[in-house]
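Okay, structure first, notes after.
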Amino acid sequence: MDSINWAPFVKALIATIVYSVMGIVMFAASFLVIRLVTPFSLRKEIEEDQNSALAILIGSVILGLSIIIAAAVGG
């Protein structure tokens, strides 16, 4: 049986896991900052008051943050 060199696979797998965790932590920190900066409760406005404009705005911010974090982590 041929000997398989697992080193490159393991290295890439570890890098993927580390970058994924870093991206999730950065995203969570960014979302926490957004929550702290807004003078009102995001949950109340979106869930109870049915503020769809705010939901679209927060969704857009989340997508934008995700793209920026993915570009920063991915290089």
Could you state the angle between the C-alpha long axis of helix 52-74 and the longest principal axis of the C-alpha atoms of the chain, as a value from 0 to 90 degrees rounded to the nearest 10? 20 degrees
Structure-derived mean projected area of the Cα convex hull in nm²: which label, when the choices are [x] 10.3; [y] 7.3; [z] 8.3: [y]
Note, ³J(HN,Hα) from phi for segment 3-16, Karplus 6.51, -1.76, 1.60, rounded to Hz, x at Gly and Pro: 7, 9, 8, 8, 4, x, 5, 5, 4, 5, 5, 5, 4, 4
Output ³J(HN,Hα) for segment 32-38: one whole-Hz value per residue in order, computed from phi by the Karplus curve 6.51 cos²θ - 1.76 cosθ + 1.60 with θ = phi - 60°, and x for Gly and Pro. 5, 4, 4, 4, 6, 6, 6
Non-local amide H neighbours of Asn51 (under 5 Å, H modeled in plane, Pro and chain starts lacking H): which ones? Ile46
Work out how much length Met22 to Glu48 would gain on full extension: take 0.36 nm times their residue separation and subtract the Cα-Cα distance, in nm to one decimal. 6.1 nm
With +1 assigned to the C-beta of every Lys and Arg and -1 to the C-beta of every Asp and Glu, and no other charges, what is the dipole magnitude of the chain about the Cα centre in debye, to the nearest 20? 200 debye
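No value in this document is a laboratory result; all are computed from the given coordinates. Source: prediction; values computed, not measured. Cβ coordinates were reconstructed from backbone atoms using ideal geometry, including for glycine residues, and neighbour counts include every protein chain displayed.
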